[in-house]
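Have a look at the structure below before the remarks.
Derivation of every value follows stated rules applied to the coordinates shown; laboratory data play no part. It should be emphasised that the depicted structure is a prediction, and the values quoted were computed from it without experimental measurement. Positions of Cβ are generated from backbone atoms using ideal geometry, with glycine treated the same way; all protein chains shown enter the neighbour counts.
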Amino acid sequence: MDISKVTNEKKLQLCRTYFIAGLAFLPFLWTINVFWFFNDAFRAPAFPEQKRIKKFVISSLIGALIWSVILITWIIIFQTKRAEWGEMADRMSFIIPLGIA
């Protein structure tokens, strides 16, 4: 999508929509929001909606980083402790590895 042809008001509306949708445990939308609107929020010449876009971009970045830390932490814990957790971990797994490392 080429957002350079969209009005600033529509950019603000789209940025806000992606931020709110990300609140539904969809941090990927926050990441998209940061990449799409970073230039408009921080590098473009000043325009009236820029302050609110900047707020949504910063909030999206913080949310995506927090979710990334949570996800990476969970992956590390699960991968290192899976064998110790026994049947409970097997029920959480889609693919059950054979044997214990």
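Which value at 222 nm does the chain reach when only helices count, each DSSP H run of 4 or more adding -39,500 (n - 2.57), with the total divided by all residues and rounded to the nearest 500 deg cm²/dmol?
Numbers: 4 runs with 69 residues, N = 101.
My calculation for the chain gives -23000 deg cm²/dmol from helical runs alone.
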Study note, to complete from the structure: Around ILE3 (Cβ within 12 Å, Cβ-to-Cβ, excluding ILE3; K/R +1, D/E -1) the net charge comes to +1
Practice item. Pick out, from ILE32, TYR18, ASN8, the residue whose Cα sits farthest towards the positive end of the charge dipole of the stretch 3-63, with +1 on the Cβ of Lys and Arg and -1 on the Cβ of Asp and Glu. Key: ASN8
Practice item. Mind pulling the angle between the C-alpha long axis of helix 50-85 and the longest principal axis of the chain? Nearest 10 degrees, somewhere in 0 to 90. Key: 10
Study note, to complete from the structure: At 4 °C in a medium of viscosity 1.567 mPa s, the chain has a Stokes-Einstein diffusion coefficient, with Rh taken as the Kirkwood radius over alpha carbon pairs, in µm² per second, of 82
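Around ILE53, what is the net charge, scoring Lys/Arg as +1 and Asp/Glu as -1 over all other residues with Cβ under 10 Å from its Cβ? It would help to have the intermediate numbers written out before the result.
Values: positive: LYS11, ARG16, LYS51, ARG52, LYS54, LYS55; negative: ASP40, GLU49.
Residues close to ILE53 contribute a combined charge of +4.
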Study note, to complete from the structure: Excluding near-sequence neighbours (fewer than 8 apart on one chain), the stretch 6-101 holds lysine pairs with C-alpha atoms under 22 Å apart numbering 6
Review point. Calculated FRET efficiency, PHE42 and LEU98, Cβ-Cβ r, R0 41 Å, to nearest 0.05?
Key: 0.25
Check your understanding: Roughly how many nanometres apart are two label points built 7 Å out from the Cα toward the Cβ at SER68 and THR80?
Key -> 2.1
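Where nothing but the Cβ of Lys and Arg (+1) and of Asp and Glu (-1) is charged, how large is the charge dipole of the chain around its Cα centre, in debye to the nearest 20?
Values: 12 positive and 7 negative charges, 97 e Å.
Its charge dipole is roughly 460 debye.
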Practice item. With everything on Cα atoms, drop me the angle between helix 8-22 and the longest principal axis of the chain, reported from 0 to 90° to the nearest 10. Key: 20
